[in-house]
1. Counting just the residues of segment 27-62 that are modelled with pLDDT under 80 and buried (at least 18 other Cβ atoms within 10 Å of the Cβ), which one comes out nearest to Ala203 (Cα to Cα)?
2. Being modelled with pLDDT of 85 or more, open to solvent by less than 40 Å² (accessible area, probe 1.4 Å), within 21 Å of Phe204 (Cβ to Cβ) and touching a helix residue (DSSP H, G or I) at 6+ places or on another chain (Cβ under 7 Å): is that true of Gly85 here?
3. Filter segment 179-214 for residues that are outside any helix (DSSP H, G or I) and surrounded by fewer than 21 Cβ atoms within 10 Å (Cβ to Cβ) and give the result.
4. Which one is modelled with the highest pLDDT among residues in segment 1-26 that are farther than 21 Å from Leu89 by Cα and in a loop (DSSP other than H, G, I, E, B)?
5. Report whether or not Gly125 is closer than 15 Å to Phe202 by Cα and either open to solvent by 30 Å² or more (accessible area, probe 1.4 Å) or modelled with pLDDT of 75 or more (or both).
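The values are calculated or read from the model by the stated rules, or taken from the named source; none is laboratory data. What you see is a predicted model; the values in this text were computed from it and never measured. Reconstructed Cβ throughout: ideal geometry from the backbone, glycine too, with neighbour counts over all protein chains shown. These area figures cover heavy atoms from the full protein model, side chains too; ligands, DNA and RNA do not enter into them. Shrake-Rupley method; radii C 1.70, N 1.55, O 1.52, S 1.80 Å.
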Amino acid sequence: MTDLTPYLPQLAVAWTAYFIATASPGPAILAIIATSVSRGRQAGVALALGVLTGSYIWAILTASGLSALIRTYGEAIIVLKIVGGCYLLYLAWNAWRSACRSDESHRARMVAMPALSLRRQYLKGLGIHLTNPKAIFAWIMLTSLGMPPGAPGGVMATFIAGCMIIGVCVFLGFALVFSLGPVHRAYLKSRRAIEGVMAAFFAFAGFKLLTTRL
């Protein structure tokens with residue numbers, strides 16, 4: 001059994017970095033918030049679980065030597081970058097169209113439009129994270145923080161397990177808090193402004209992803 005004591009200070013730094021990265025506003029967090037306040041707790045939790053799944057897919061791939069694959073197949077990251085940027089711009093367009101609707105039109109559309117199934121909400125969250133190549137590089141950075149050279153495999157397993165616990169608390173926490181009744185009512189009062197800000201953020205994130213060299 002691996003003695004983790006010598007590695008705990010480094011793991012603590014890496015877990016803190018992961019918490020800051022996940023709790024900071026970004027496409028995934030904003031999507032969770034928007035879904036939770038507009039579609040309710042179950043939809044928000046389903047989307048959050050999709051984001052979590054995407055995060056840990058990248059974690060497992062990184063632990064399996066993804067950085068070496070990136071050096072060999074760099075073109076695949078460019079394709080992923082384009083897909084991710086276009087997906088964020090698509091989310092921006094949807095948020096902007098919703099922000100432009102009057103409250104009466106929005107309510108009528110919400111009543112007439114069938115809600116996305118929990119499966120589709122989950123896949124939406126998964127897509128947001130899997131099409132974000134910066135998540136790959138974030139995990140490579142976090143892995144280098146939490147996995148010192150020569151450390152046994154048990155350290156990596158412990159690091160990923162700790163990140164899973166933090167991710168569950170952060171992503172599901174946002175979904176649960178923003179699905180509360182008072183928060184939902186506050187959202188309805190400021191819906192157009194909130195969705196306008198979300199549209200601007202998604203557009204900025206998509207444009208930056210498409211134009212920034214990774």
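1. Restricting to residues being modelled with pLDDT under 80 and buried (at least 18 other Cβ atoms within 10 Å of the Cβ), the top hit is Pro27.
2. Here the answer is no, as Gly85 does not meet what is asked.
3. The first filter runs over segment 179-214 and keeps only residues outside any helix (DSSP H, G or I), leaving 179-180, 190, 212-214.
Leu180, Ser190, Thr212, Arg213, Leu214, listed by residue number.
4. Here the residue is Leu4.
5. Numbers: closer than 15 Å to Phe202 by Cα: yes; either open to solvent by 30 Å² or more (accessible area, probe 1.4 Å) or modelled with pLDDT of 75 or more (or both): yes.
Yes, satisfied.
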